[in-house]
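Working notes for the structure below.
Rule-based calculations on the coordinates, nothing more; no lab input. The shown structure was predicted, so the numbers you read here are calculated from the model rather than taken from an experiment. Cβ atoms come from the backbone with ideal geometry, glycine included; neighbour counts cover every protein chain shown.
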Amino acid sequence: MVREKANSLEKAARALLKNAADTLGYWDWSLGLCSSLFENEAQFWKFSDAFEPPHLFWEQYRDRLKSVHGDKLSQCRYHFIELELKLRQMIDEWAFSLRFE
């Protein structure tokens, strides 16, 4: 849904990658959300590898990217998948409660 609505995906992706580079907590959520903005993981990795984080956090950013390579990137998306499922359940419950005549 975000991918379809965002005016500047590149701007959003850069902000999320900066957050992944220079924050202490929930940086993995930033990577998970950022990766979901791209059509596939290959595009995400290409963009994230080319991203230049703030100089002081370059090494931390690279270490964090390495730590989620492979199957671990999908784990960064779990929070958002769970949230989406809860929202869909709420919508379904509301929709099924409607009475049509």
Using θ = phi - 60° and the Karplus curve 6.51 cos²θ - 1.76 cosθ + 1.60, what whole-Hz ³J(HN,Hα) does each residue of segment 23-40 get, with Gly and Pro shown as x?
-> 10, 8, x, 6, 5, 5, 5, 4, 5, x, 5, 4, 5, 6, 6, 9, 5, 7
Taking a straight Cα-to-Cα line shorter than 21 Å from Lys86, and setting aside same-chain lysines fewer than 8 residues away, one finds Lys5
Filtered GluC sites (Glu not before Pro), segment 8-97: DSSP coil and at most 11 other beta carbons within 10 Å = Glu39
Inter-site label distance for Glu10 and Asp92 at 7 Å from Cα along Cβ, in nm = 3.9
Quick one: angle between helix 41-50 and the longest Cα principal axis of the chain, in degrees between 0 and 90, rounded to 10, please.
-> 40
Neighbour-count ranking for Leu56, Leu65 (other C-beta within 10 angstrom, fewest to most) reads Leu56, Leu65
Sparse-neighbourhood loop sites, trypsin sites (Lys or Arg not before Pro) in segment 26-101 - DSSP loop, at most 11 other Cβ within 10 angstrom = Arg99
Cα-projected label distance for Ala42 with Arg99, points at 7 Å along beta-carbon direction, nm | 5.4
If you line up the long axis of helix 78-97 against the longest principal axis of the chain, both from Cα atoms, how many degrees apart are they, to the nearest 10?
-> 10
For segment 3-75, with equal point scatterers placed on the C-alpha atoms only and solvent neglected, what are the log10 I(q)/I(0) values from the Debye formula at q = 0.14, 0.17, 0.19, 0.21 1/Å, to two decimals?
-> -0.37, -0.56, -0.70, -0.86
Please find the FRET efficiency linking Leu56 to Glu84, where r is the Cβ-Cβ separation and R0 is fixed at 30 Å, and quote it to the nearest 0.05.
-> 0.30
Would you please name the chymotrypsin sites (Phe, Trp or Tyr not before Pro) within segment 40-80 that are DSSP coil residues with at most 10 other C-beta atoms within 10 Å of their C-beta?
-> none
The relative contact order of the chain, taking Cα pairs under 8 Å that sit 6 or more residues apart, comes to a percentage of 28
